[in-house]
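This report refers to the structure that appears directly beneath it.
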Amino acid sequence: DPETTPTVLDILKEKGVKSTFFLIGEGMQEHPMIVKRIYDEGHTIGNHSFTHPDLSRVGTTRLDLELTSTERMLESLIGHKTILFRPPYAEDIEPEIPSQVTPLVNARRLGYLTVGMKIDPNDWANPGTDTIITRTLEQISLGHGNIILLHDGGGDRSQTLAALPKLIDALTASGYTIVPLESLI
């Protein structure tokens, strides 16, 4: 996002934190300098499809096109590729029907490692800054995982922006170290 992502990057820089950004190809095409900044500042970049469709509803050809075009866009902007993929609409969370599994299998066929997330405060729904923080910390304390999903695009992210520095402070004060994804792999 041309407004939110630079602010997220400013917060991460101020806090000395490296993170992982799963990027949508269309957004990279519209804002190449932001992609370059993410990479130049040492953050990890993953593939989040080109148009953000529900991949359980598209065929193999479309999935291949979504991932490959995003990959080529990334390579043209930063000169590197990624093997990390996070499907749109949380299709990575415990698939229940074959149409939800198929995109994961096809992504693997293309050489991607599908990244899940279990800590999701649903910040996209704008539940309030304190709720974003509380939900995140609760899910961590319950042992739900070690990857936190927050959004920097797709609408008003003012609550996420307000929550992010407080969340970083709360996590580091509790002894957690925030790292980009490749450190966990």
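So how many residues does the range 1-49 have that are over 18 Å from PRO165 (Cβ atoms), assigned to a helix (DSSP H, G or I) and in contact (Cβ under 8 Å) with a residue 60 or more places away in the chain?
Residues in the range 1-49 being over 18 Å from PRO165 (Cβ atoms), assigned to a helix (DSSP H, G or I) and in contact (Cβ under 8 Å) with a residue 60 or more places away in the chain: 1 in total.
Can you find, within the range 156-172, the residue that is surrounded by the fewest Cβ atoms within 10 Å (Cβ to Cβ) among those that are among the polar types (S, T, N, Q) and farther than 14 Å from THR5 by Cβ? So that I can check it myself, show each step before the final result.
First pass over the range 156-172, keeping only residues among the polar types (S, T, N, Q): 158-160, 172.
Keeping just the survivors that are farther than 14 Å from THR5 by Cβ gives 159, 172.
Details: GLN159: 20, THR172: 14.
Among residues in the range 156-172 that are among the polar types (S, T, N, Q) and farther than 14 Å from THR5 by Cβ, the one surrounded by the fewest Cβ atoms within 10 Å (Cβ to Cβ) is THR172.
Farther than 20 Å from GLY116 by Cα, among the β-branched types (Val, Ile, Thr) and either out of contact with any Ser or Thr (no Cβ under 9 Å at 6 or more places or on another chain) or in a loop (DSSP other than H, G, I, E, B) (or both): which single residue out of THR136, THR177, THR131 fits that description?
Exactly one of THR136, THR177, THR131 is farther than 20 Å from GLY116 by Cα, among the β-branched types (Val, Ile, Thr) and either out of contact with any Ser or Thr (no Cβ under 9 Å at 6 or more places or on another chain) or in a loop (DSSP other than H, G, I, E, B) (or both), namely THR131.
Check GLY143, GLY153, GLY116, GLY128 and return the single one that is of a type in the set (Gly, Ala, Ser), surrounded by fewer than 13 Cβ atoms within 10 Å (Cβ to Cβ) and either under 16 Å from the mean Cα position of the chain (by Cα) or modelled with pLDDT of 85 or more (or both).
GLY143
Got at least one residue in the range 54-75 being surrounded by fewer than 17 Cβ atoms within 10 Å (Cβ to Cβ) and under 27 Å from THR160 (Cα atoms)?
Checked the range 54-75: at least one residue is surrounded by fewer than 17 Cβ atoms within 10 Å (Cβ to Cβ) and under 27 Å from THR160 (Cα atoms).
Residues being open to solvent by less than 70 Å² (accessible area, probe 1.4 Å) and either within 16 Å of GLU66 (Cα to Cα) or of a type in the set (Ser, Thr, Tyr) (or both): count how many of those fall in the range 10-30.
Number of matching residues: 8.
Which of (1) open to solvent by 60 Å² or more (accessible area, probe 1.4 Å); (2) part of a helix (DSSP H, G or I); (3) more than 21 Å from LEU55 (Cα to Cα) does VAL105 not meet, given it meets every other one?
Result: VAL105 fails condition (3) only.
The values are calculated or read from the model by the stated rules, or taken from the named source; none is laboratory data. Computed from a predicted model, the values in this text were never measured in an experiment. Note that each Cβ is placed from the backbone with ideal geometry, even for glycine, and that neighbours are counted across all protein chains shown. We work out accessible area using only protein heavy atoms, side chains counted, and drop any ligands, DNA or RNA first. Shrake-Rupley method; radii C 1.70, N 1.55, O 1.52, S 1.80 Å.
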